[in-house]
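S.K.: Mind having a look at this structure? Questions to follow.
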Amino acid sequence: MFFPVFSLILCKNLMKMKQVLFLLALGMAMTADAQQTITVNVENPMKMARNDQPVVISLENYGEVRSALVTCNGQEVACQLDDIDLDEKNDELCFLADLGPREKKAYTVALYAEGEPRPYPARVYAEMLMRNDKVKEKNKHNNYIQSITARGDCAYSYNLQHHHGVDFESELNGIRIYFDQRQTLDLYGKFHKGLELQATQFYTSDEQKAQGYGDDVLWVGQTFGLGAFRGWDSQQRQPTMIEPVKTRTQRVVSYGPLRTIVEVIDQGWVADKAKAPVNMTLRYTQYAGHRDTDVDVIFNRDVSSYSFSSGIINVKGSTEFSDKKGLRACWGTDYPSTDTIKWKPETVGLAILLSRQNIVSEEPVNKDNYAFVLKTNGPRMSYKVNYCSANEDFGFHSAQEWFDYLKAWRKEVEQPVKVSF
């Protein structure tokens, strides 16, 4: 009577064993068939533990790479392949390193000319949406797009996209970039760590608020918001908008799972009436586990003789911090909307970190901005922006806490992990 049951159990065990053997054989075959295997040494130069440290490897010299496997001490490490220039060939491999004080780790990276990128849980998110007139709920639109271009004479590009521009997030932050001449970064404040923008679409419902979701926490108007890049009028001593342009484009380059990359492209921008128009690409990179965002400004020509600007909004009643070396921040409270009945005042901390070689001057604060006048050294420059919301149960709740964090953040930025092959 028990023989059939025993046979069934034995059969199931054999099937499981075959599956395990198959997966082991597949893994061995993948390693054996790796186009190239490289060892990447990653070292933390600081006396403090650091998590989610980006390691980016150019694939320029490794031929066609369609899939990859990263391991450390026999453990698989999530990685990501990115086609930066959208030519259907992966340009970079990225993974995140967790390192103890002064720790050095060796990572094995196997590259394959076949297959698909391995799936890993998403730790970042990016989204572009056109409005769907059939959908009434503001957080349930579903006309997903990856790129949009508006001509320079487009009457009101701000309203073309559902939440007015591309948005992206890590577990700690959430940003949208307005699709108009301001190209301002507007901010989403969270109460708890996690990805939320797919659910709220920057328009959090009352039900979602009751469940602990975050919402818009900053009114930006015509200001820099969080580090918008602008032109500069040397006569009037004020920023100028990104206009006129021939075309304005937003696109998502990478959706994750470890970093999202979005771009704003301004073609034929007359940044200075006395000089030739330029093409500019603003590339925003958001890494998992990070509240700061990388900004790369790329031109199609040397623009060293042009004047530009950036900075942060002067939040009402804000307290300022500056180390006079490119780190400028504030902490303040204001309504995130002109509707002061529906919305409550929000307290935020904002920061921008610029390279000293790009700074022409740090301008006195005015009613709108804490501004810098900037220059490039050639066709490009880079900087970082950072922010927090006082709503966070994982963040900062006073100006002093925020400014102390920023001082430590600068030290980390200036001492990135050392990568060698």
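The values are calculated or read from the model by the stated rules, or taken from the named source; none is laboratory data. Worth saying up front: this structure is predicted, and the values here are computed from it rather than measured. Because the Cβ atoms are built from the backbone with ideal geometry, glycine has one as well, and the counts that use them run over all protein chains shown. Accessible surface areas use protein heavy atoms only, side chains included; no ligands, DNA or RNA. Shrake-Rupley method; radii C 1.70, N 1.55, O 1.52, S 1.80 Å.
S.K.: Could you please find all residues in segment 48-66 being open to solvent by less than 30 Å² (accessible area, probe 1.4 Å) and over 23 Å from the mean Cα position of the chain (by Cα)?
M.R.: The answer is 65, and nothing else.
S.K.: Within segment 148-207, how many residues turn out to be in contact with a helix residue (DSSP H, G or I) (Cβ under 6 Å, 6 or more places away or on another chain) and acidic (Asp, Glu)?
M.R.: Residues that pass the stated criteria total 3.
S.K.: For segment 202-216, which residues satisfy the criterion of being within 21 Å of residue 386 (Cα to Cα) and surrounded by fewer than 22 Cβ atoms within 10 Å (Cβ to Cβ)?
M.R.: Passing the criteria: 213, 216.
S.K.: Next up: For residue 286, are the conditions met, namely being surrounded by fewer than 19 Cβ atoms within 10 Å (Cβ to Cβ) and polar (S, T, N, Q)?
M.R.: no
S.K.: Give the residue, chosen from 261, 265, that is of a type in the set (A, V, I, L, M, F, W, C), in a strand (DSSP E or B) and surrounded by fewer than 21 Cβ atoms within 10 Å (Cβ to Cβ).
M.R.: Within the list 261, 265, the selection yields 265.
S.K.: I'm trying to understand the selection: among the residues of segment 290-312, which are of a type in the set (A, V, I, L, M, F, W, C) and open to solvent by 10 Å² or more (accessible area, probe 1.4 Å)?
M.R.: Matches in segment 290-312: 298, 299.
S.K.: How many residues does segment 176-199 hold that are within 19 Å of residue 280 (Cβ to Cβ) and open to solvent by less than 30 Å² (accessible area, probe 1.4 Å)?
M.R.: 8
S.K.: Restricting attention to segment 129-141, which residues are without any contact (Cβ under 8 Å) to a residue 40 or more places away in the chain and part of a loop (DSSP other than H, G, I, E, B)? Let's see the steps before the verdict.
M.R.: Of segment 129-141, the ones without any contact (Cβ under 8 Å) to a residue 40 or more places away in the chain are 130-136.
Those that are without any contact (Cβ under 8 Å) to a residue 40 or more places away in the chain and part of a loop (DSSP other than H, G, I, E, B): 131, 132, 133, 134, 135, 136.
S.K.: I would also like to ask the following. Would you check if residue 45 is outside any strand (DSSP E or B) and exposed (fewer than 12 other Cβ atoms within 10 Å of the Cβ)? Full working, then the answer.
M.R.: On the way: outside any strand (DSSP E or B): yes; exposed (fewer than 12 other Cβ atoms within 10 Å of the Cβ): no.
Criteria not met by residue 45.
S.K.: Here is a further query. Exactly one of (1) more than 29 Å from residue 298 (Cβ to Cβ); (2) not hydrophobic (A, V, I, L, M, F, W, C); (3) not in a loop (DSSP other than H, G, I, E, B) is unmet by residue 194. Its number?
M.R.: Only one criterion in (1) more than 29 Å from residue 298 (Cβ to Cβ); (2) not hydrophobic (A, V, I, L, M, F, W, C); (3) not in a loop (DSSP other than H, G, I, E, B) is unmet by residue 194, namely (3).
S.K.: Name the residue, out of 338, 333, 347, 319, that is in contact with a helix residue (DSSP H, G or I) (Cβ under 6 Å, 6 or more places away or on another chain) and more than 23 Å from residue 382 (Cβ to Cβ). Steps first, answer last, please.
M.R.: Values: 338 fails: in contact with a helix residue (DSSP H, G or I) (Cβ under 6 Å, 6 or more places away or on another chain); 333 fails: in contact with a helix residue (DSSP H, G or I) (Cβ under 6 Å, 6 or more places away or on another chain); 347 fails: in contact with a helix residue (DSSP H, G or I) (Cβ under 6 Å, 6 or more places away or on another chain).
On inspection, the qualifying residue turns out to be 319.
S.K.: Something else about it: Kindly evaluate residue 325 against the criterion of being in contact with a helix residue (DSSP H, G or I) (Cβ under 9 Å, 6 or more places away or on another chain), open to solvent by 60 Å² or more (accessible area, probe 1.4 Å) and more than 30 Å from residue 273 (Cβ to Cβ).
M.R.: So residue 325 fits the description; yes.
S.K.: Spot the failing condition for residue 159; the list is (1) in contact (Cβ under 8 Å) with a residue 12 or more places away in the chain; (2) open to solvent by 10 Å² or more (accessible area, probe 1.4 Å); (3) closer than 25 Å to residue 266 by Cβ; (4) not hydrophobic (A, V, I, L, M, F, W, C), and only one is missed.
M.R.: (1)
S.K.: Considering only segment 247-275, state which residues are in contact with a Pro (Cβ under 8 Å, 6 or more places away or on another chain) and of a type outside the set (A, V, I, L, M).
M.R.: 257, 259, 268, 269
S.K.: Can you tell me which residue among 412, 401 is under 19 Å from residue 293 (Cα atoms), open to solvent by 50 Å² or more (accessible area, probe 1.4 Å) and not hydroxyl-bearing (Ser, Thr, Tyr)?
M.R.: Working: 401 fails: under 19 Å from residue 293 (Cα atoms).
Residue meeting the stated conditions: 412.
S.K.: Can you give me the number of residues within segment 142-191 that are under 19 Å from residue 131 (Cβ atoms), within 13 Å of the chain's Cα centre (by Cα) and part of a loop (DSSP other than H, G, I, E, B)?
M.R.: Summing the residues that are under 19 Å from residue 131 (Cβ atoms), within 13 Å of the chain's Cα centre (by Cα) and part of a loop (DSSP other than H, G, I, E, B) in segment 142-191 gives 1.
S.K.: Do you know which residues across segment 278-305 are among the charged types (D, E, K, R) and under 15 Å from the mean Cα position of the chain (by Cα)?
M.R.: 283, 291, 292, 294, 296 - these are the residues of segment 278-305 that are among the charged types (D, E, K, R) and under 15 Å from the mean Cα position of the chain (by Cα).
S.K.: Oh, and also: Every residue in segment 225-257 that is open to solvent by less than 10 Å² (accessible area, probe 1.4 Å), of a type in the set (A, V, I, L, M) and in a loop (DSSP other than H, G, I, E, B), please.
M.R.: Those that are open to solvent by less than 10 Å² (accessible area, probe 1.4 Å), of a type in the set (A, V, I, L, M) and in a loop (DSSP other than H, G, I, E, B): 228, 242.
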